[in-house]
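Trainee: Structure in structure tokens, see below.
Read the figures in this text as sums done on the coordinates, not as results from a lab. What you are looking at is a predicted structure, and each value in this text was computed from that prediction instead of being measured. Positions of Cβ are backbone-derived with ideal geometry, glycine not excepted, and every protein chain shown enters the neighbour counts.
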Amino acid sequence: MFSGMERAFSNRADAGRQLADKLEKYAGLDDVIVLGLPRGGVPVAYEVAKRLGAPLDVFIVRKLGVPGFEELAAGAIASGGVRVLNEDVVRAIPYATAAIEAVTARETDELQRREHIYREGRPAPELRDKIVILVDDGLATGATMRAAVKALRQRGAAKIVVAVPVGPPDTCEEIAKEADETVCLSTPPFFQAVGQYYEDFSQTSDDDVRELLTQAANDAAVGDEQEQQ
């Protein structure tokens with residue numbers, strides 16, 4: 001489900017609410033879980049999970065930046081030891097094997113740090129046989145999302161739905177080949193960067209992520225209590 005129009009979002013919460021409009025068929029289903037890609041994907045995912053009445057968690061993926069050109073993705077790693085490489089980029093890196101292994105080691109440490117601080121002792125969710133709605137605040141190269149999809153396949157997800165507010169048409173098409181369903185609200189033909197489609201694209205902090213996960217867990221507990229009454 002792609003839209004070629006250029007759409008501006010007030011902020012990530014606004015983007016999440018608009019995205020949720022396209023995912024309402026999943027509302028109220030017991031086997032749905034919404035996973036946000038930290039950090040920026042979590043405020044978007046929070047709004048989606050809230051609308052659908054689904055649990056929220058994080059799925060942690062780290063980009064493998066090219067040494068000296070860190071914004072250029074050589075690939076990505078995800079929870080569970082999955083690594084996806086952009087072979088075209090890797091071929092252009094001098095001493096690629098050593099460089100990629102060094103970046104992978106550093107980003108693995110950061111991935112494990114985030115796993116620890118975001119969940120605050122909560123166990124990782126069971127994803128086997130679940131419908132997983134995987135949310136980020138936008139796509140650029142798609143390396144991070146491809147790593148996440150591959151990792152979720154290994155975790156036994158029944159269906160993987162990738163949902164993002166914005167991304168370039170070719171990246172959304174590539175992701176659609178790997179996910180079971182893909183929702184890109186806006187696929188502008190002259191895409192440059194995710195942030196240009198947000199009025200407020202301020203950085204999401206680790207504290208922001210923790211607070212949203214805690215709020216979602218509290219909301220779920222209140223909902224459970226109300227059902228039991």
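Trainee: So who's got an amide H within less than 5 Å of the one on residue 186, skipping anything under 5 residues away but keeping other chains? H placed 1.01 Å off N, in plane.
Mentor: Amide H neighbours of residue 186, under 5 Å, 5+ apart: 3, 166, 167.
Trainee: Follow-up. What do the square roots of 5 times the Cα gyration tensor eigenvalues come to for the stretch 96-229, in whole Å, largest first, as semi-axes of the equivalent ellipsoid?
Mentor: Result for the stretch 96-229: semi-axes of 27, 21, 18 Å.
Trainee: Projecting each Cα onto the charge dipole of the chain (Lys/Arg +1, Asp/Glu -1 at the beta carbon, about the Cα centre), which of 80, 35, 193 comes out farthest on the positive side?
Mentor: 80
Trainee: Roughly how many Å is it from the Cα centre of the stretch 150-203 to that of the stretch 62-101, as a whole number?
Mentor: Centre-to-centre distance over Cα atoms comes out at 20 Å.
Trainee: Next question. Once phi is turned into θ = phi - 60°, what whole-Hz ³J(HN,Hα) does the Karplus curve with 6.51, -1.76 and 1.60 give for every residue of the stretch 164-176, x standing for Gly and Pro?
Mentor: 9, x, 8, x, x, x, 5, 5, 4, 5, 5, 5, 4
Trainee: Per DSSP H run of n ≥ 4, the term is -39500 (n - 2.57); total these for the chain, divide by its residue number, and report the mean residue ellipticity at 222 nm rounded to 500 deg cm²/dmol.
Mentor: Mean residue ellipticity at 222 nm (helix-derived): -13500 deg cm²/dmol.
Trainee: Now a separate question. Where the convex hull is taken over the Cα atoms of the stretch 97-162, what is its projected area averaged over directions, in nm²?
Mentor: Value for the stretch 97-162: 5.6 nm².
Trainee: I need the P(r) histogram for the stretch 181-220: all alpha carbon pairs, bin width 10 Å from 0 out to the longest distance, whole percents.
Mentor: Per 10 Å bin, starting at zero, the Cα-Cα P(r) for the stretch 181-220 comes out as 22, 30, 37, 11, 0 percent.
Trainee: Restricting the count to DSSP beta bridges whose residues both fall in the chain, what percent are antiparallel, rounded to a multiple of 5?
Mentor: Working: 10 of 30 bridges.
If we restrict to bridges inside the chain, about 35 percent are antiparallel.
Trainee: Sorted from largest down, give the three principal axis spans of the alpha carbons of the stretch 18-99, whole angstrom values.
Mentor: 51, 24, 18
Trainee: From Cα coordinates alone, what are the radius of gyration and Dmax values for the stretch 145-187 in angstrom?
Mentor: Calculated on Cα positions, Rg and Dmax stand at 10.2, 29 Å.
Trainee: Within the stretch 1-88, what percent of beta bridges assigned by DSSP are antiparallel, to the nearest 5? Write out the running numbers ahead of the final one.
Mentor: On the way: 10 of 13 bridges.
Antiparallel: roughly 75 percent of the beta bridges in the stretch 1-88.
Trainee: Moving to a separate point now. Take every Cα-Cα pair in the chain and report what % of them are more than 25 Å apart.
Mentor: Values: 9902 of 26106 pairs.
Above the 25 Å cut-off, the chain has 38 percent of its Cα pairs.
Trainee: Also: Could you order the peptides 19-28, 130-139, 92-101 from most to least packed, using the average number of other C-beta atoms within 10 Å per residue?
Mentor: Highest mean packing first, the order is 130-139, 19-28, 92-101.
Trainee: Got a sec to turn the phi values of the stretch 79-88 into Karplus ³J(HN,Hα) couplings, 6.51 cos²θ - 1.76 cosθ + 1.60 with θ = phi - 60°, whole Hz, x for Gly and Pro?
Mentor: Going residue by residue, I get 3, x, x, 7, 10, 10, 10, 8, 4, 4 Hz, with x marking Gly and Pro.
Trainee: What percent does the relative contact order of the chain come to when contacts are Cα pairs within less than 8 Å and at least six residues apart?
Mentor: Numbers: 435 pairs, mean separation 62.1, N = 229.
So the answer I get is 27 percent.
Trainee: Here's a follow-up. Exceeding 22 Å between C-alpha atoms, which entries from my cross-link table qualify? They are 22/63; 63/159; 63/130; 50/159; 22/159; 25/63.
Mentor: The answer is 22/63; 63/159; 63/130; 25/63.
Trainee: When the Karplus curve 6.51 cos²θ - 1.76 cosθ + 1.60 is applied with θ = phi - 60°, which whole-Hz ³J(HN,Hα) does each residue of the stretch 104-119 get, with x for Gly and Pro?
Mentor: 4, 4, 5, 6, 5, 4, 5, 4, 5, 4, 5, 3, 5, 7, 6, 7
Trainee: Can you tell me which of 113-122, 173-182 comes out highest on packing, and rank the rest after it, using the mean Cβ neighbours within 10 Å? Working shown, then result.
Mentor: Details: 113-122: 13.0, 173-182: 17.0.
Sorting 113-122, 173-182 by mean packing, highest first, produces 173-182, 113-122.
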